[in-house]
Amino acid sequence: MAQRTERADALRNREAVLAAADALFSESSSPHSVSMDDIAAAAGVGKGTLFRRFGDRAGLIGAVIASRLEPLQQAVQEAQDVGRSSPQQRVLDLLDASLRFKIENRRLMSAAEDAGLSSPYQAEHYGWWHEMLRAALDQVPGVHDADFTAHALLAAIRADLVAHLIDDQKMTPEVLRSSLAAYIARVLGSSSDPRGTRKEA
């Protein structure tokens, strides 16, 4: 009984920390300015609890990103499972969903990199996006290496590139999404012409 109570307390503490961290990162103009002390105080736990549960600042930020991603991943999975769109459209929908998330969370993802979060390719959510994209690309006629193509397309929406284009190059999110859609059409069009067979002159 005592162990069960301890596990419940630990779960509540984890949820409280994630909720507090998410709120503070959302309210702050720069996630870099949010300290572990700030998060512990807002969550009503000791600072040591943060380090025991998440290891370090990078681990905590990574957990916040994962918690924000979860509802999006569920929605994307459900849409993909329905399968009413063409494979090309499913590829676009997947990449657009990922891009929109990175646009909205670019400062937090940048803070994660600065805090020492490991390579994005080692992140669990990268593997999830890659597998979903690879499966969609497998259905696109003319794509001969879906695994590599998925990696290459995801590289076009790396979080640091998204932050650079929007914050440094002042590209609007709408223009960035439109540019991505045009790029995907060219990549897939080079494998299979979506307009159909060209007529001979």
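What do you reckon, is Q89 out of contact with any His (no Cβ under 8 Å at 6 or more places or on another chain), over 25 Å from S110 (Cβ atoms), of a type outside the set (D, E, K, R) and touching a residue at least 24 places away in the same chain (Cβ under 8 Å)? Don't jump to the end; show me each part of the working.
Details: out of contact with any His (no Cβ under 8 Å at 6 or more places or on another chain): yes; over 25 Å from S110 (Cβ atoms): yes; of a type outside the set (D, E, K, R): yes; touching a residue at least 24 places away in the same chain (Cβ under 8 Å): no.
Spelling it out, it is not the case that Q89 is out of contact with any His (no Cβ under 8 Å at 6 or more places or on another chain), over 25 Å from S110 (Cβ atoms), of a type outside the set (D, E, K, R) and touching a residue at least 24 places away in the same chain (Cβ under 8 Å).
So that you can scan it fast, the table gives a plain yes or no per residue for (1) at pLDDT 95 or above; (2) part of a loop (DSSP other than H, G, I, E, B):
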residue	(1), (2)
H151	yes, no
L154	yes, no
L161	no, no
R177	yes, no
I184	yes, no
L188	no, no
D193	no, yes
G196	no, yes
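Here's the yes/no breakdown for (1) polar (S, T, N, Q); (2) surrounded by 17 or more Cβ atoms within 10 Å (Cβ to Cβ); (3) closer than 24 Å to H125 by Cα:
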| position | (1), (2), (3) |
| --- | --- |
| R158 | no, no, yes |
| L161 | no, no, yes |
| L165 | no, yes, yes |
| D168 | no, no, no |
| M171 | no, no, no |
| Y183 | no, no, yes |
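Return yes or no: is G48 open to solvent by 60 Å² or more (accessible area, probe 1.4 Å) and more than 26 Å from M132 (Cβ to Cβ)?
Answer is no for this residue.
Within region 50-71, work out how many residues are without any contact (Cβ under 8 Å) to a residue 40 or more places away in the chain and in contact with a helix residue (DSSP H, G or I) (Cβ under 6 Å, 6 or more places away or on another chain).
Qualifying residue count, region 50-71: 2.
If you scan region 58-99, which residues turn out to be open to solvent by 50 Å² or more (accessible area, probe 1.4 Å), part of a helix (DSSP H, G or I) and modelled with pLDDT under 85?
D81, V82
Might you let me know whether region 1-9 holds any residue that is within 20 Å of S110 (Cα to Cα) and more than 19 Å from the chain's Cα centre (by Cα)?
No, that holds for no residue.
Go through (1) within 13 Å of the chain's Cα centre (by Cα); (2) farther than 20 Å from A150 by Cβ; (3) of a type in the set (A, V, I, L, M) one by one and return the number of the condition A41 breaks.
In the conditions (1) within 13 Å of the chain's Cα centre (by Cα); (2) farther than 20 Å from A150 by Cβ; (3) of a type in the set (A, V, I, L, M), A41 misses (1) alone.
Check region 102-120 and report whether any residue there is assigned to a helix (DSSP H, G or I), open to solvent by 20 Å² or more (accessible area, probe 1.4 Å) and at pLDDT 90 or above.
Yes.
Just for region 15-27: of the residues that are open to solvent by 30 Å² or more (accessible area, probe 1.4 Å) and at pLDDT below 90, which one is nearest to A111 (Cα to Cα)?
S26
The values are calculated or read from the model by the stated rules, or taken from the named source; none is laboratory data. Since the model is a prediction, treat every value here as computed from it, not as a measurement. Neighbour counts are summed over all protein chains in view; Cβ atoms, including those assigned to glycine, are modelled from backbone coordinates with ideal geometry. Calculation scope for accessible area: heavy atoms of the full protein, side chains included, ligands and nucleic acids excluded. Shrake-Rupley method; radii C 1.70, N 1.55, O 1.52, S 1.80 Å.
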